[in-house]
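Below is one structure, written out as structure tokens; the observations come after it.
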Amino acid sequence: MIDNKNPEAPERIAYIKIPGNVDISVKDNYLFADSLTDLVIIDISNLDNIQVVNRLEDVLRGNVIWPMADFYDYDGVDSENEIIIGWETASEPRLISEYEERFGGGIMLDAVTNSASVGQGGSLARFKIVNDYLYAVDSHNINVFDISNLENPKDLDDVYAGFDIETIFNRNQYLFLGSKSGMYIYDISSPSTPQFVSEFQHGTACDPVVVDDKYAYVTLRGGNSCGATESGLFVIDIQDIKNPTLLKSYEMEEPYGLGLKDNLIFVCDGKAGLKVYDKTDVENLEALNHFENIITFDVIPLKNSLLMVGDDVLYQYQYEERSIALLSTLSLQ
């Protein structure tokens, strides 16, 4: 946890070790986190006395693709010939690059400001809190939880959503799910039972999504286990929510997360750095900034500053009239 009252000098103040954790979300003084197939609820009202107040066991059954373990680099190991011979008593050597490919670098952002009771996650988030409900996606399902009682969530029926679901984003009454093969849209007017609305299909690629009132913005990353060979930023017209259509695509190198703030769009283009565009005319994005020589992963556009994480560093930028400027950095190691 990071105290960010002064964005120019953020401070690390607490660390919570959660085995098998991939994502988190916060509401009021409670943090919700996955721990392998369990949902853990943690009271963070007193950072000097953080307490686990509940654990819902085996409610995220599709959350684990392979057994979680410590990862190390081993020279001369043929990972294709390695097998797991035991969950509790044996470890399987794998390359760090394999781990990062599966979990995107292992760092997830969730920001809470004094004016908001619900944390704001990045575009690569797999958890999303909307009012009294927590939606957690695994590779095939939307796991739905009633969190009106924050200490005692209710595990509701899962909603089957498709294949290779990776991310979740909320805009108004809709959930937008990014998958390796497309974007799925679900209506949560009845929040306990999300209803399928439509989908946009694309070639196989890793796929986070963010949305404004008219358009969805999707980054597709190729050259990896997701299967695609090309990478880019796709702009999808969602004004007819039942018939999303591709409006424009822009070439990128290896994009991960992205974010929106007013007329600005921020794209984390992996090793190619952080790119900032003016999206006033979405069919002709105007490049404003390109922060090179940094590895970028995901962003959270806050009211007064932009958070960006990459390569075990938290970067913060202040907004300027039509761009941003670096405000501070903090090592996360």
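The values are calculated or read from the model by the stated rules, or taken from the named source; none is laboratory data. Computed from a prediction, not measured in an experiment: that's the story for all the values here. FYI the Cβ positions are ideal-geometry reconstructions off the backbone, even for glycines, and counts take in every protein chain you see.
Side notes on the structure shown:
- Breaking point among (1) buried (at least 17 other Cβ atoms within 10 Å of the Cβ); (2) closer than 25 Å to residue 28 by Cα; (3) modelled with pLDDT of 95 or more, for residue 120: (3)
- Of the residues 168, 147, the single one that is aliphatic (A, V, I, L, M) and more than 16 Å from the chain's Cα centre (by Cα) is 147.
- Residue list for segment 180-220, filter: surrounded by fewer than 23 Cβ atoms within 10 Å (Cβ to Cβ), part of a strand (DSSP E or B) and modelled with pLDDT under 90: 182, 201
- Residue 247, sole failed condition from (1) over 25 Å from residue 172 (Cα atoms); (2) surrounded by fewer than 20 Cβ atoms within 10 Å (Cβ to Cβ): (1)
- Leading residue by the ranking (nearest to residue 257 (Cα to Cα)) among those in segment 294-313 that are in a strand (DSSP E or B) and aliphatic (A, V, I, L, M): 299
- Here the condition is being exposed (fewer than 15 other Cβ atoms within 10 Å of the Cβ), under 19 Å from the mean Cα position of the chain (by Cα), farther than 19 Å from residue 171 by Cα and not assigned by TED's automatic domain parsing to the domain that holds residue 16; of 274, 332, it holds for 332 alone.
- Filter result (hydrophobic (A, V, I, L, M, F, W, C) and assigned to a loop (DSSP other than H, G, I, E, B)) within segment 46-61: 47, 50, 59, 60
- Selection count where residues are in a loop (DSSP other than H, G, I, E, B) and closer than 17 Å to residue 145 by Cβ, scope segment 19-45: 6
- Test: residue in segment 277-293 that is out of contact with any strand residue (DSSP E or B) (no Cβ under 9 Å at 6 or more places or on another chain), part of a loop (DSSP other than H, G, I, E, B) and either in contact (Cβ under 8 Å) with a residue 12 or more places away in the chain or closer than 25 Å to residue 168 by Cβ (or both): yes
- Odd one out for residue 13 among (1) modelled with pLDDT under 95; (2) aliphatic (A, V, I, L, M); (3) within 23 Å of residue 144 (Cα to Cα); (4) surrounded by fewer than 18 Cβ atoms within 10 Å (Cβ to Cβ): (3)
- Checklist (1) among the acidic types (Asp, Glu); (2) modelled with pLDDT of 90 or more; (3) within 25 Å of residue 261 (Cα to Cα); (4) within 13 Å of the chain's Cα centre (by Cα) applied to residue 138, failing item: (3)
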